[in-house]
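The structure appears right after this line, and notes come after that.
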Amino acid sequence: MSHESKRHTHSTQWKNSAGSEGQSWLYMRTIENVSEPQASAAAGGAPDTRLRAVPVVLSDFQTVQMTPPREQDELKRIQAHFMTLAQSAQKDLTSPEDRERLARTIEERMARYGASSEHIARRQVSVLTSRFVVPRPDSPAENVARYGDLRASTGEALDERMTLFEEVACDVFERVYPDATAQAPDDIVHVSCSGYISPSPVQTFLSRRKWLRTGVTHSYHMGCYGAFPAIRTAVGLVGSSYDSLPKPKRRVDLVHTEFLSLHFDLLGEEADNFVTSTLFADGFIKYSAYPEFASSGRSGLKILAIEEYILPDSLPEMTLRPGPLQFDMSLSKKVPFMIRDAIGDFIASICGQVGLDFEREKATMAFAIHPGGPAILNQIRSKLGIQESQIALSRKVLNEHGNMASATAPHIWQAIVESPEIPAGSKVLSMAFGPGLTVIGALFEKV
């Protein structure tokens, strides 16, 4: 029978993992191949039906370290030093006494509002080794001036920062794809809230590598929750290719380039500026989304459900906007409590998609909660009634890396995938928060 003599009819449905009707990210496709003679025969004939499940699994996590992390207490001294230089220039302070008085004020505010080394031990702050900083090799080791001078007295303009972002992000792509002879992915989703250039770094890399048929999706400016829309995009790319396109996709890569130290505000005197400049850090990570994950000794996270909603009356509580010098972020003290008050309904909704009884199952689950700060972890753990051990990897990532915006959750996912203490079959609930206020999360199963 020729291809032309067949009639292809497609029907799709969404089933949860228990088999009941409902939303889930376990994609079920029914294909009925019926010949034309059969179609004109008696209506009661049974078609040749095949049911095909296309789950999507995240695996092959690979982190990139562009510069060695520095201890948090030293980074706070460095930040205070450069803030003193920039604000002295802005205020035209020339006398040593005026500069010293300003330095003491900034150091006091840094000690009061800056993130403690008890919660963040070290961070990657790549801007310190960039051309924006002029070294002082002749300064005494005990002198704070050894950290250097600023190339631009009050901080770099935004276009200069975007140029540096482009260079660093392109370098990240070269590092995560070191083998020029390797097979190219079907698609790359580039995730960032710290830089925008067109052509983008991923387009520049693909052009240089001659991977000209790889699709590109830019998933930008969503801040700390940015990983979740990115994996939703990957699920869509994979699922739609099996349902609607002649060529199924076998691998979609996701690459995060969060160069957040590029946007530290040296002129801001508000308390939240000291919070954000000591909380955020650079983070770079790549991983892949696969359909029909084959058992080959690798581990991964199968996506079962994704849920998102915006909290009412919360728009001004967290913002991220391009400013004249850097991307400006504001963060309200209300955020942890607003998230706490909304998280119960969110958990019920996402677990309900797959028929999971959260209260009954939560003791055996793992949690990958975006550590926007220690207060958010504390409030959510208390609200959900889960053990400290169940969010230990979220705290560990915060302690060892700081808040890397969209790259943070994937670092926790990697830790869960690699942990021998979390067995295959475990349910993993992950969530993050960002401007909106947006609460978004995914339910995984470790495979």
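Since every read-out is calculated from the coordinates, none of them should be taken as a lab result. As the structure is a computational prediction, the values presented were derived from the model and not from experiment. Because the Cβ atoms are built from the backbone with ideal geometry, glycine has one as well, and the counts that use them run over all protein chains shown.
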Out of the trypsin sites (Lys or Arg not before Pro) in the range 369-417, which ones are loop residues according to DSSP with at most 14 other C-beta atoms within 10 Å? none
Could you name the aspartates and glutamates in cross-link range of Lys91, using Cα to Cα under 18 Å and dropping any fewer than eight places away on the same chain? Glu100, Glu107, Asp149, Glu156, Asp265, Glu269, Glu270
Where is the GNM fluctuation largest for the chain (alpha-carbon springs, 10 angstrom cutoff): Asn143, Asn273, Asn378? Asn143
Out of the range 164-250, which trypsin sites (Lys or Arg not before Pro) are coil in DSSP terms and have no more than 11 other C-beta atoms within 10 Å? Lys210, Arg213
Mind checking the range 72-157 for trypsin sites (Lys or Arg not before Pro) that DSSP puts in a loop (not H, G, I, E or B) and that have at most 13 other Cβ atoms within 10 Å? Lys91, Arg131, Arg151
Within the range 301-446, what is the number of lysine pairs with alpha carbons under 13 Å apart, leaving out pairs fewer than eight places apart on the same chain? 5
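Among Trp413, Trp211, rank each residue by its count of other Cβ atoms within 10 Å, from fewest to most, as a rough exposure measure.
Trp211, Trp413
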Could you point to the label whose value was computed as percent of Cα pairs over 31 Å apart for the structure here, given (i) 39; (ii) 50; (iii) 46? (iii)
Hey, can you grab everything whose amide H is under 5 Å from the amide H of Val216? Only 5+ residues off in sequence or another chain; H modelled, so Pro and N-termini drop out. Ile188
Equivalent ellipsoid semi-axes for the range 75-120, as square roots of 5 times the alpha carbon gyration tensor eigenvalues: give them largest first, rounded to whole Å. 23, 10, 7
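Cβ neighbours within 10 Å, averaged per peptide: list 167-173, 219-225, 134-140, 339-345 in order, most packed at the top. Provide the component values of the computation, followed by the final result.
Values: 167-173: 20.3, 219-225: 22.1, 134-140: 9.7, 339-345: 16.4.
Taking the mean over residues of other Cβ atoms within 10 Å, the ranking is 219-225, 167-173, 339-345, 134-140.
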